[in-house]
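Coordinate-derived values only; no laboratory data. Fair warning: this is a prediction, and the values are worked out from it, not measured in the lab. So basically every Cβ, Gly included, is an ideal-geometry build from the backbone, and we count neighbours across all protein chains shown.
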Amino acid sequence: MSIELESPRSGRTPPAGDSLIVVKFGGAALATLSRVRAAAARVRSLRDAGHTLVAEGPYGCASLRELRPGRVEQLLARGVVPVVPGFQGIRADGELVTLGRGGSDVTAVFLASELNARECHLVKDVDGIYDRDPAVVAEASRFDYLSFDGLVKLTAGGARVVHSDAALRAKQDTVLLRVYRYDAAFAGPRGTRVGAEVVS
C-alpha cells in the first residue's frame, strides 16, 4: 500500500554523495544478546556499503528543545560510529533528565536534522507503518511509502510506531525516514519509507 509522496524542500536535501545515516534501535531491537549482535551487524553492513553512521539505543518525561551535535561531529570526522543514548538530555542547570516514551525516536530525528543526514532509520519490533494496528486488525495493510503529512496524521490519530513529536520534526525539517523491523534484510530492508522514495 502506498500514499502520495512529497518532494523534499531544496534547502534540506543533502548534497550529492552525502552518505550520513542516523540509525535508531528501539528497546525491542536490543532486548537480547543475539539482537544486539544483529544490530551491530546491521551497522557494519551499512558502514561497509559506504555510509557514515550515528547508531542509537533504547527510552522514561522531558522534551528536547535543543540538540548540540558537536561531539558527535568530532567522532564522525575521525571515522568513529558514535553510540548516542537517545532517551536522555541535560537541563540548563546541568541536571540529567530522561525523555518520555519514544524519546529516542525524537532524538534520532533531531540528530539527523542537525547533521543534515541523508536519512534516518528507525529500527523497531514491527516491519513498518500500518494503516491500522496489525496486532488487532488482521487485514491491516503496511505502507511502502508515506508522506510526511500522512505520518503526522497517523500519529495524531494514535498510531504509536513513530513518536508524534518525531513525525512533526521529520516533516518540519524534511528528514527522510525508513521504518523497519530489527530482523529485516540488511540489503534494502522493505519497511516503510516516509517523505520521499529513499534510495538504498
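Going by neighbour counts of Cβ atoms within 10 Å, the residues 161, 43, 194 line up, fewest first, as 43, 161, 194. Here residue 141 and residue 32 are evaluated by their C-beta separation; at R0 = 41 Å the FRET efficiency comes out at 0.90.
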